[in-house]
Amino acid sequence: MANVLLLLLAVLGAPLFVIIAGSALWGFYQQDVDLSVLPIEIFAIAETPILLAIPLFTFAGYILSESQAPTRLVRVTQAVFGWMPGGLAMVSLAACAFFTAFTGASGVTIIALGAILYPALASAGYDERFNLGLVTSAGSLGLLFAPSLPIILYGVVAKEPIDTLFVAGAAPGMLMLVLLAGWSVWRNRHTRTALSAFSWREVGAALKDAALEIPLPIVVLGGIYGGVLAVSEAAAVTALYVLIVEVVVRREIKLTALPGIVRESMMLVGGILVILGVSFASTNYMIDAGVPEKLFALTESRVDSKLTFLLALLVFLLILGAILDIFSAIVLVVPLILPLAANYGVDPIHLGIIFLAAMQLGYLTPPVGLNLFIASYRFNKSILSVYAATLPFLLILFVSVLIITFWPSLSLFLVR
Amino acid sequence: MSDVRWWQRLDRIGRGLENALLLLSLVAMIGLAVAQIVARNVGLGGFAFSDELLRLLVLWVAMLGAVAASRDDHHIRIDLVSRFLPYRLRKGVRVIVDLFTAGVCAVLAWYGLSFVASTREFEDLAFGALPLWWFQAILPVGFGLIAYRYLLWTCQHGYESWRGEVDMKTGSPEGG
């Protein structure tokens, strides 16, 4: 009864952390546990060192998106790919993926890059429907690339090494990128688009223009895999570096704008971490109440092989992704399916990549996919036309999720 | 600016305070984390307190960010039904949801208080020097503020539901 009520309140739009806290409070209350257990569990936020990476990377991403860095990024990719047929479409995909890796797919990409790419695609002669679909779906591409926020969160919740997860995400992320790029080229094979001539001079100029941003992935990845920096340290260096470059050196962000950007980014961080904090408590309650054992029994009687387990998992994740945002889904569901997956011999790293890839589709799945609404709002299109425009991209991403799920080596060959 | 109402001024002050605290915590976080890397690489080792302080700062930023998100009504939620509801019903539903939110957060604040009180009783220390409960106090304070914020939202949405939709051009600018 209480759970039905909570579900109803969730659907009516109560903040998710309140729903999770409410269910944990109710559960512990029924077991006669002192409810101080909730604040104690939330305090575990301050006992999880790796979480430091979350505010720092998020802040860096927001600073980048408020500066002119997106324009410079598009210029570089345009100089490199712009001469190819379908080149600008590839530019859009590559730039969005790079950017999302840093901003954590919170819709910032569509807002920051969409404003540049959408008109650029139109003036290059791509049809409107394609552009809308491309920009909407590219907004969550890059989720599997380091240092994306959802990967870090999965690492925290699953207690798996985050640097390993970063490596594991690279090839599956590339697969999505390549499939979408291939389709974009094929779809536009008859479209007369304005191709820019390839010029070393423009490549050089674009690179010079972006000379201060290009070292960023090198700082992050080089620092981590060179063994110089821990993940959270790389986040600190990134935040400081971006702050110095965009605020002090380039002066594209005024000091007076800084508090607003800090607020915007930390509202997202606060929202995510509070959900994480209360879910520490609800997970503990569920373990106390024997939920994992019940799930075990439930699946064991119906699912008899790894293959059927993966299939069931995929269906479940796609439904989940259509109603729940990626962050809440990770903190709520991962602790419950980890032991199940282990039981069927699914590697926890592979599970993470499947999870994130499937949840990425959730951004684009009607009725509540976040990117659909952001695009509809941002480009002033009806939500139905956004649904229709995004559908082919959604199908391609679905195919790539299938490949990622049933081909574990794609995720694991670099790490195991 | 004499027609700026007192609650709008209060809102501005509160918002400024949240922003200032967030900025301060974040800058401290970046500075401390980078200083630690530098110190380690020139062979000074780390500072004993900085790891713990950084972790506590994450908690502070999280709670402050959540408080800020409550002022802007920016929490992560499933928005499945409300966009299909007519204006007054939508606002009416929000009244129930906001009241529930305020209630749960008040309970969290209350038990947060008893958590802090017990830490205080045991005289736990942060960095072996300062009372740990000073830093834990952000939990009851933060949830208390969120509860207060959603009580205000309850009133606001209740009023909007009762009044009905106002034409943006001619209607009263109440609530900014």
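Going by the structure shown, is A:GLU233 free of Cβ contacts under 8 Å to residues at least 60 places away in the same chain and within 20 Å of A:PRO161 (Cβ to Cβ)?
Here the answer is yes, as A:GLU233 does meet what is asked.
Answer yes or no as to whether A:SER67 is crowded, with 23+ Cβ neighbours inside 10 Å and more than 20 Å from B:ILE76 (Cα to Cα).
Here the answer is no, as A:SER67 does not meet what is asked.
State whether the residues of the stretch A:280-300 include one that is buried (at least 18 other Cβ atoms within 10 Å of the Cβ), among the small types (Gly, Ala, Ser) and assigned to a helix (DSSP H, G or I).
Within the stretch A:280-300 (the criterion being buried (at least 18 other Cβ atoms within 10 Å of the Cβ), among the small types (Gly, Ala, Ser) and assigned to a helix (DSSP H, G or I)), the answer is yes, since at least one residue qualifies.
Restricting attention to the stretch A:354-379, which residues are outside any helix (DSSP H, G or I) and either surrounded by 20 or more Cβ atoms within 10 Å (Cβ to Cβ) or away from every other protein chain (no Cβ under 12 Å) (or both)?
A:TYR363, A:LEU364, A:THR365, A:GLY369, A:PHE379
Quick one: is A:VAL333 at pLDDT 90 or above, surrounded by 15 or more Cβ atoms within 10 Å (Cβ to Cβ) and outside any helix (DSSP H, G or I)?
Criteria not met by A:VAL333.
Does A:LEU175 satisfy being in contact with a helix residue (DSSP H, G or I) (Cβ under 6 Å, 6 or more places away or on another chain) and in a helix (DSSP H, G or I)?
yes
In the stretch B:64-85, which residue that is more than 7 Å from every other protein chain (Cβ to nearest Cβ) and at pLDDT 85 or above is surrounded by the most Cβ atoms within 10 Å (Cβ to Cβ)?
Per the criteria, the residue is B:SER70.
Just give me the residues in the stretch B:105-117 being without any contact (Cβ under 8 Å) to a residue 40 or more places away in the chain and either touching a Phe, Trp or Tyr at 6+ places or on another chain (Cβ under 9 Å) or at the interface with another protein chain (Cβ under 7 Å from one of its Cβ atoms) (or both), in sequence order.
B:VAL107, B:LEU108, B:ALA109, B:TRP110, B:TYR111, B:GLY112, B:SER114, B:PHE115, B:VAL116, B:ALA117
Which ones in the stretch A:201-214 are in a helix (DSSP H, G or I) and touching a residue at least 12 places away in the same chain (Cβ under 8 Å)?
If the condition is that a residue be in a helix (DSSP H, G or I) and touching a residue at least 12 places away in the same chain (Cβ under 8 Å), then A:GLU202, A:VAL203, A:ALA205, A:ALA206, A:LEU207, A:ASP209 are the ones that fit.
One residue is enough: does the stretch A:246-259 have a residue meeting the conditions in contact (Cβ under 8 Å) with a residue 40 or more places away in the chain, out of contact with any Phe, Trp or Tyr (no Cβ under 6 Å at 6 or more places or on another chain), within 14 Å of another protein chain (Cβ to nearest Cβ) and β-branched (Val, Ile, Thr)?
yes
Search the stretch A:384-411 for residues being among the hydroxyl-bearing types (Ser, Thr, Tyr) and under 19 Å from the mean Cα position of the chain (by Cα), and hand back the single one that is farthest from A:ARG129 (Cα to Cα).
Step by step, filter the stretch A:384-411, then rank; the result is A:SER411.
To keep it simple, each residue is scored yes or no on (1) in a helix (DSSP H, G or I); (2) more than 9 Å from chain B (Cβ to nearest Cβ); (3) small (Gly, Ala, Ser); (4) surrounded by fewer than 19 Cβ atoms within 10 Å (Cβ to Cβ).
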residue	(1), (2), (3), (4)
A:GLY222	yes, yes, yes, yes
A:VAL228	no, no, no, yes
A:VAL237	yes, no, no, no
A:ARG263	yes, no, no, no
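So which of B:GLY128, B:GLY144, B:GLY92 ends up being of a type outside the set (Val, Ile, Thr), outside any helix (DSSP H, G or I) and either more than 10 Å from chain A (Cβ to nearest Cβ) or crowded, with 17+ Cβ neighbours inside 10 Å (or both)?
B:GLY128
Consider B:ALA102 carefully, then state whether it is within 16 Å of the chain's Cα centre (by Cα), part of a helix (DSSP H, G or I), surrounded by 15 or more Cβ atoms within 10 Å (Cβ to Cβ) and in contact (Cβ under 8 Å) with a residue 24 or more places away in the chain.
Yes.
The values are calculated or read from the model by the stated rules, or taken from the named source; none is laboratory data. On a predicted model such as this, the values are computed, not experimentally measured, just so you know. Note: ideal-geometry Cβ built from the backbone for every residue, glycine included; neighbour counts use all protein chains shown.
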